[in-house]
Every structure is written in C-alpha cells, then in structure tokens.
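Down below is the structure, laid out as structure tokens.
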Amino acid sequence: MPSKITDTETVYKAIFDIVRCIPKGRVTSYGAVAKAAGLKSGARMVGRAMSFVHGQKPPVPVQRVVNSSGQLSGDDGTRAKKLAAEKVQVKNNRVVDFKKVFWDPVTEIEF
C-alpha cells in the first residue's frame, strides 16, 4: 500500500522541482526558491528539504542553493567542489560574484 502523501511531501516535491531547474554554472538562494514555491518566509523549509535530497530521482543539485549572501551553509567542501566543476568560483565558502551568477526562479521559470 502506497504511503499517504503529506503536505510536507508536496512542498518538498515543489522545492526539488524548482532546484532541478537551476542551470549549471548558476546558483540561487534558499529564500528565492521559497518565494518561487509560494512559501512565505520559507527559506528554512527549503534548507530542510535540501537535507532530504539523497536518493531523489532525478537528482537534486543541492550545491546550487546557497544563503542570501552567497555563502555555502554547512558545506564540508563537497558542494564547493561540485560548484567549481560547474565553473562557479567559491572562495572562503562564499560564491564569488554572487550577484552575477544568481539565478532567480521567480523570473526564470515559466509557471
């Protein structure tokens, strides 16, 4: 018997779908994803959702979601390496030229 879908699961699916749209070489913020998902003050929920991406199909590029100042919150170096492979510069755990590589899902995704 399939498990019952909860509101949280529906919200996480919406968040994952938005994050999957972020192009390689670009980043966005937790708050921008929350806004695109229609969540008021939902940046923390986006952060929480990012901790549940393991095993998602298709994969969710969690490395492309950073805080509002371009910092990689809670990174052990893995996300920085993945971003570097996508030609996004990270220095001192912060995206270099954050505003230049920032991707705004509200204006970029056609809903």
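On the stretch given as region 32-67, residues that are over 11 Å from the mean Cα position of the chain (by Cα), more than 18 Å from Phe102 (Cα to Cα) and open to solvent by less than 30 Å² (accessible area, probe 1.4 Å) total 1. When Thr28 is tested against the conditions (1) closer than 16 Å to Phe102 by Cα; (2) at pLDDT below 95, the lone failure is (2). Among the residues of region 68-82, is there at least one that is within 23 Å of Glu110 (Cα to Cα) and either buried (at least 21 other Cβ atoms within 10 Å of the Cβ) or free of Cβ contacts under 8 Å to residues at least 60 places away in the same chain (or both)? Yes: one or more hits.
For region 58-74, the count of residues that are over 17 Å from Gly31 (Cβ atoms), at pLDDT below 95 and outside any strand (DSSP E or B) is zero.
The values are calculated or read from the model by the stated rules, or taken from the named source; none is laboratory data. Note that the structure is predicted; figures quoted are calculated from it, not measured. Using ideal geometry, Cβ is built from the backbone for each residue, glycine included, and neighbour counts are taken over all protein chains shown. Protein only, heavy atoms only, side chains kept; ligands, DNA and RNA dropped before computing areas. Shrake-Rupley method; radii C 1.70, N 1.55, O 1.52, S 1.80 Å.
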